[in-house]
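> Next up is a structure, given as structure tokens.
The values are calculated or read from the model by the stated rules, or taken from the named source; none is laboratory data. Small disclaimer: the values here were computed from a predicted structure and weren't measured. Here the Cβ positions follow ideal geometry from the backbone for every residue, glycine too, while neighbour counts run over all protein chains shown. With ligands, DNA and RNA removed, areas are computed over all heavy atoms of the protein, side chains included. Shrake-Rupley method; radii C 1.70, N 1.55, O 1.52, S 1.80 Å.
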Amino acid sequence: MLEYFSQGLVIALQWENILFMFIGTILGLVFASIPGLTFSTALILMIPVTFGLDPVPAISVLLGVFAGGMSGGSISAILLGIPGTPSAAATVIDGYEMAKKGEAGRALGMAVYASVFGGIFSLLVLMLVAPQLAKVALKFGPAEIFALVIFGLSTIVSLSGTSLNKGLLAGMFGLLLTTVGLDPVMGLQRFTFGQSWLMIGIGIMPVMIGMFALPEIIETFQRAKNNKGVSKEPTDKQVVKASFPTLKEMKSTFFLMIKSSAIGTGLGAIPGTGGPIASFLAYDQAKRHNPKCGKGVIEGVGAPEAANNGVTGGAMIPLLTLGIPGDSATAIMLGAFLIHGLAPGPLLFQNYGDLVYAIFISILIIYIMVLVIQFFGIRLFVRVLDFPKVNLMIVILAMTVVGSFAINLNFGDVLIMFFAGLLGYLMKRYGFPITPLILALVLGYTIESNFRKALVYSDGSLDIFVQSPVSLVFLILALIMLLAPLIKPILEKRVKADKA
Amino acid sequence: MKKSKFMIIVLTVLLAITMLAGCSSTPAEQPTEPTEPTETPFPEKSMDLTILFGAGGAADVIGRKLADGAAKELGEPIVANVRTGGGGAVGYQHVLGQKADGYNLVWNSTSICVTYHQGNMPADQDYSAFRGVAKITEEASAIAVKADAPWANLEEFVEYAKANPGKVTVANSGVGSFNHLTAAAIEDALGVEFKHIPLDSKESVTALLGGRVDAMVNMAFDAIPQVQAGEMRALGIVGTQRIDAMPDVPTMKEQGYDVDLLMWRGIAVPKDTPDEIVLKLQDAFLTSANSDEFKEFAKKYSLTVAPTTGAEFDAYMAEQDEMIAKLMDKIGLKKQ
């Protein structure tokens, strides 16, 4: 192992490798921070570039995009309230609140710290216990994944804000949207109205871009009209200082960071789950840690960011040990491995131990780069807030249109984006929270396909969900989450009554 | 003032990047000029190749590589655009909705037959709405069990399956997927009845390794790393010949079972595309497919490069369509 380590170090530290890591990281950061572009787009664009590179730089540049992208998604989430990637949707809640309070710099600092923390945590897990964790991940069949995702969905309770009913309604509507398109098991068309562009379903990206960005844009224009003086918005002129969390803050959030990173790494390792669910589960933990979550506190920013970066190392576990990508980003990376004649799988460590260690070391260097680039970047990013908001929103409006078209080169997605935006505006106006809808939309397909696949195994019997202990535990946890808001007041009353 | 100028520059750059991403599709339709089709030089502008499956996946990567080679021959770029959805239906319909002028191509596959019979294409748009430019690759599949399974070879497996009809669980890559059809064809040939579990190609691997299914029918490509690592045992290869990466595994035919189903991929265009344009495209794609560079590349994905001309491809598609229709009827998926 030490031999591999030193050989890996030599490969990883070649200037070519460092250069490509840097390019990848910057690209990931930029793509993820622009609403409408995701780091998946950047990964796909980079694939042809990697054809001509040596194996390690080829994989490094993709890893850079992946890690940079996971961390960069928080930038627009915090500054503009528009998540750059689905994994950053949970970051918006507290991040944007902090920005409104004039603490954008602090939020960004926390996001960077948490991203790097989560990334390096997951790297350590990947290096130390990858084969063992992969064995655990193999135990997750459709029934277990279904229960796990239902548990993830139950965090709607903590995302609903003031009205649980409205949150559940929004969530249910999100689930309903996922039924459009081809059904996940039989491939039958549902609610497509004979339109071929609807066969692909209601995409997460166009809805997310529309729901987060358009209401902001509409409101900004309304405010500008009311204020007359377009560029003189007092709330937007703020002294923003970029600042990393203090030692005291680091100490108080340490366990939350560990927990969130572990959630991210674990979910990353289970193929078919991934970033968005991890970040919402971690956000729920943050809420337990600090009940003020939702009003703009660093815990609410740190937890989801640690979790979604934890996914980076986690998703590499099944890829490297089993040859099975953990999510869509690692699925693209699998291509880069294959092109260079490295078949990921059980034999990769045996045959190419030095390269595997070179990849590990590269991930570490990439996270150091993320830290440094973001540290200097924050000063630059926060200047976005100095810019007249109306002008900024015009640019963003253009980006949302082009961005939603670019996902699938499908004009239907642009229509979906506008509809989603309008709906989002109305929901906001009437006090319906948007995040539950997004969460349900992200998870709906996974829930349905795993539910139905599990039923194929069991010949239609629901017993399969309670017979598997893993599935049973997650379902009970989900039930507790859902019932807690009902039971809690009753219990509290009793306690008071007892005391009295 | 300075600050806002700076921000304008930054935002313009960002906007430009976004716009670039939106530009990866083909430029707007050129105004139609009433020129004689026979005298039109081809190609005069870039061509659009529709890729039907996920960006970064095998179909995408191989398709792009092939297109690069063909573009060099033709002297104009071929832009690969991923149009996923509906098991290929979205991409096929896109291409059929464009002009039959040779500038709109599709990297097609067995899916052209499957999506049609599944009922996801309009009634008049089966494989014959296209004409073949060239068949390019073939890919074998395999039936595999876990390394510690009680069956040492296909014979023992068949014996067990015969004794337990409908009990042996076999993972495939989804209802109506190529591997589902292969599993059905294997059932026919072996005279057994499986319980089909529709997963996807990667989930099949985890399901088998995790002990949730007895066997899987999957592309050989997905079985190879596991077989080489001693995690799985391949019982038979569905294909014309043995595979270099697992030379000890006999084909189904060698073992006396007549299963013949190969996953093929090729280039097709709408059927009204003029002959001379199809021939030009055919030559370019065949040259690209026969290059050592492409062959080397395809090998990494366990694909066999088996090019044929467009005319041969048309006949082959017709033959395959009939076979696939029969198999889909058997598993109750044939809608049209």
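> Once you order the gyration tensor axes a ≥ b ≥ c over the Cα atoms, which shape class does the stretch A:121-198 get: rounded for a/c under 1.5, otherwise prolate or oblate by comparing a/b with b/c? It would help to have the intermediate numbers written out before the result.
Working: a/c = 2.81, a/b = 1.41, b/c = 2.00.
Because a/c hits 1.5 or more and a/b fails to exceed b/c, the stretch A:121-198 counts as oblate.
> Now a separate question. For chain B, I need the span (max minus min coordinate) of the C-alpha atoms along each principal axis, in Å, sorted largest to smallest.
If we take the Cα atoms of chain B, the spans are 75, 58, 40 Å.
> Under a point spin-label approximation (7 Å from Cα along Cα-to-Cβ), what is the A:S163-A:S6 distance to one decimal in nm?
6.7
> On a straight-distance basis, which lysines could pair with B:K195 in a cross-link, Cα separation under 25 angstrom, same-chain partners fewer than 8 positions away excluded?
Candidates past the 8-residue exclusion: A:K139, A:K453, B:K146, B:K162, B:K167, B:K253, B:K326, B:K330, B:K334, B:K335.
> Arrange the residues B:V82, B:V278 by how much accessible surface each exposes, largest first, with a 1.4 angstrom probe. Numbers along the way, then the final one.
Working: B:V82 30, B:V278 5 Å².
Reading off the accessible areas and sorting them downward yields B:V82, B:V278.
> Write down the Kirkwood hydrodynamic radius of the stretch A:1-99, to one decimal in angstroms, obtained as one divided by the mean of 1/r over all alpha carbon pairs.
Working: mean 1/r = 0.0709 Å⁻¹.
One over the average 1/r among Cα pairs gives 14.1 Å for the stretch A:1-99.
> Out of residues 5 or more away from B:K146 or on other chains, whose amide H comes under 5 Å of its own, with H placed 1.01 Å from N in the peptide plane?
Placed amide hydrogens put B:R233 under 5 Å from B:K146.
> Excluding same-chain residues fewer than 8 positions from B:K300, which lysines have a Cα within less than 16 Å of its Cα?
Partners found: B:K65.
> For chain B, list the DSSP H helices whose alpha carbon atoms reach 27 Å or more along the long axis and whose average Kyte-Doolittle value is 1.0 or above?
Working: long enough: B:2-22 (30 Å, 1.57); B:310-330 (30 Å, -0.48).
Membrane-span-like by this criterion, though nothing is claimed about a membrane: B:2-22.
> Mind checking which of B:A289, B:A123, B:A315 has the largest fluctuation in a GNM of chain B, springs on alpha carbons under 10 Å?
In the Gaussian network model the winner is B:A123.
> Can you compute the modelled spin-label distance between B:D260 and B:K167, with each label point 7 Å from Cα toward Cβ, in nm?
3.5
> Just to be sure I understand: of the beta bridges DSSP finds with both ends in chain B, what percent are antiparallel, rounded to 5? Don't skip to the answer; put the middle values down first.
Values: 28 of 44 bridges.
For chain B, the DSSP antiparallel bridge percentage is about 65.
> Only protein chains counted, 1.4 angstrom probe. Which residues of the stretch A:315-333 are at least 40 Å² less accessible in the assembly than when their chain is isolated?
Those are A:I324, which lose 40 Å² or more relative to the chain on its own.
> Oh, and also: Taking a ≥ b ≥ c as the square roots of the Cα gyration tensor eigenvalues, with a/c under 1.5 meaning rounded and otherwise prolate when a/b beats b/c, else oblate, which class fits the stretch A:201-360? It would help to have the intermediate numbers written out before the result.
On the way: a/c = 2.57, a/b = 1.75, b/c = 1.47.
Note, shape of the stretch A:201-360 comes out prolate.
> What average count of beta carbons from other chains do you get within 10 Å of the Cβ of residues in A:184-191? Can you show the working numbers first?
Values: counts 4, 5, 6, 14, 7, 5, 0, 0.
Other-chain Cβ atoms within 10 Å of each residue's Cβ, averaged: 5.
> For chain A, give the magnitude of the charge dipole about the Cα centre (Cβ charges: +1 Lys/Arg, -1 Asp/Glu; no others), in debye to the nearest 20.
So the magnitude is around 1880 debye.
> Beyond 40 Å, what share of the Cα-Cα pairs of chain A remains, rounded to the nearest whole percent? Intermediate values should be presented prior to the final figure.
Numbers: 23625 of 124750 pairs.
Pairs farther apart than 40 Å: 19 percent.
> Across peptide B:210-216, how many C-beta atoms of other chains are within 10 Å of each residue C-beta, on average? Spell out each step's value before the answer.
Details: counts 7, 3, 7, 2, 0, 0, 0.
Mean partner shielding for this stretch: 3.
> For B:Q336 and A:I480, what is the calculated FRET efficiency with R₀ set at 56 Å and r taken between the beta-carbons, to the nearest 0.05? Before the final figure, lay out each step's value.
Details: r = 49 Å, r/R0 = 0.87.
Efficiency at R0 = 56 Å is approximately 0.70.
> Let's test the formula: R0 of 30 Å, r as the Cβ-Cβ distance of A:R223 and A:L380. What FRET efficiency results, to the nearest 0.05?
On the way: r = 26 Å, r/R0 = 0.86.
Plugging the Cβ-Cβ distance into 1/(1 + (r/R0)^6) gives 0.70.
> Here's another thing I want to ask about it. Suppose R0 equals 35 Å; then what is the FRET efficiency for B:K99 and A:M186 from their Cβ-Cβ distance, rounded to the nearest 0.05? Don't skip to the end; give the middle numbers.
On the way: r = 34 Å, r/R0 = 0.97.
So, using R0 = 35 Å, E works out to roughly 0.55.
> Grab the Cα-Cα distance for A:L415 and A:V470, subtract it from 0.36 nm times how many residues apart they are, and report the gain in nm with one decimal. Walk me through the numbers before you get to the answer.
Values: separation 55, 0.36 × 55 = 19.80 nm, distance 4.09 nm.
Full extension of this stretch gives 15.7 nm more.
> What is the Rg over Rh value, at two decimals, for the protein assembly as shown, using alpha-carbon atoms and the Kirkwood definition of Rh? List each step's numbers first, then the result.
Values: Rg = 26.9 Å, Rh = 27.8 Å.
The Rg/Rh ratio comes out at 0.97.
> Right, here's the next one. Skip the ligands, DNA and RNA, and give the accessible area per residue of the protein assembly as shown with a 1.4 Å probe, whole Å². Intermediate values should be presented prior to the final figure.
Values: 33060 Å² over 836 residues.
I get 40 Å² per residue for the protein assembly as shown.
> About the Cα centre of the stretch A:360-489, what is the dipole size in debye to 20, counting +1 per Lys and Arg Cβ and -1 per Asp and Glu Cβ, all else neutral?
Details: 8 positive and 5 negative charges, 104 e Å.
Here the stretch A:360-489 has a charge dipole of around 500 debye.
> Count charges around A:V473 for me, please; just the other residues with Cβ under 15 Å from its Cβ, Lys/Arg as +1, Asp/Glu as -1. Don't jump to the answer; show the numbers that get you there.
Details: positive: A:K139; negative: A:E144.
With Lys, Arg at +1 and Asp, Glu at -1, the net is 0.
> Hey, can you list the residues from the stretch B:59-97 whose accessible area shrinks by 50 Å² or more with all protein chains present, relative to the chain by itself (probe 1.4 Å, no ligands or nucleic acids)?
Residues meeting the cut-off: B:V90.
> Next question, about the same structure. Where both partners of a DSSP beta bridge lie in the protein assembly as shown, what percent of those bridges are antiparallel, to the nearest 5? Don't jump to the answer; show the numbers that get you there.
Values: 30 of 46 bridges.
Antiparallel bridges: around 65 percent, rounded to the nearest 5.
> I want the local charge near A:P485. Using Cβ-Cβ distances under 15 Å, sum +1 for each Lys or Arg and -1 for each Asp or Glu among the other residues. Numbers along the way, then the final one.
Details: positive: A:K166, A:K287, A:R288, A:K488, A:K493; negative: A:D284, A:E492.
After counting each charged neighbour, the total is +3.
> Run the dipole for the stretch A:202-353 about the Cα centre, Lys and Arg Cβ at +1, Asp and Glu Cβ at -1, nothing else charged, and hand back the magnitude in debye, nearest 20. Numbers along the way, then the final one.
On the way: 13 positive and 9 negative charges, 137 e Å.
For this selection, approximately 660 debye.
> Then there's this: So what does A:R288 come to for accessible area, using a 1.4 Å probe and Å² rounded to 10?
Solvent-accessible area, nearest 10 Å²: 140 Å².
> Please name which of A:I324, A:A107, A:N450 has its Cα lying farthest along the dipole of the stretch A:2-499 towards the positive end, using unit charges on Cβ (Lys, Arg +1; Asp, Glu -1) and the Cα centre as origin.
Sorting the options by dipole projection puts first A:A107.
> Which helices count as membrane-span-like in chain A under these terms: full DSSP H, at least 18 Å along the axis by C-alpha, Kyte-Doolittle mean of 0.0 or more? It would help to have the intermediate numbers written out before the result.
Values: long enough: A:15-33 (27 Å, 1.63); A:55-80 (38 Å, 1.65); A:104-138 (41 Å, 1.60); A:164-177 (20 Å, 1.48); A:204-227 (34 Å, 0.45); A:247-269 (32 Å, 0.57); A:275-289 (21 Å, -0.41); A:298-322 (36 Å, 0.69); A:353-381 (40 Å, 2.17); A:389-408 (29 Å, 1.76); A:411-429 (28 Å, 1.24); A:435-457 (33 Å, 0.90); A:469-499 (39 Å, 1.24).
TM-like helix candidates: A:15-33, A:55-80, A:104-138, A:164-177, A:204-227, A:247-269, A:298-322, A:353-381, A:389-408, A:411-429, A:435-457, A:469-499.
> Moving to a separate point now. Each label point is 7 Å from the Cα along the Cα-to-Cβ direction; what then is the distance between the points at A:L426 and B:D272, in nm?
4.1
> Ignoring everything except DSSP H segments at least 4 long, calculate the 222 nm mean residue ellipticity for the protein assembly as shown; use -39,500 (n - 2.57) per segment, divide by total residues, nearest 500.
Details: 32 runs with 515 residues, N = 836.
Mean residue ellipticity, 222 nm, calculated: -20500 deg cm²/dmol.
> For the pair A and B, how large is the buried accessible area, both sides, in square angstrom to the nearest 100, if the probe is 1.4 Å?
On the way: alone 21810 and 15980 Å², together 33060 Å².
Between A and B, the summed buried area is about 4700 Å².
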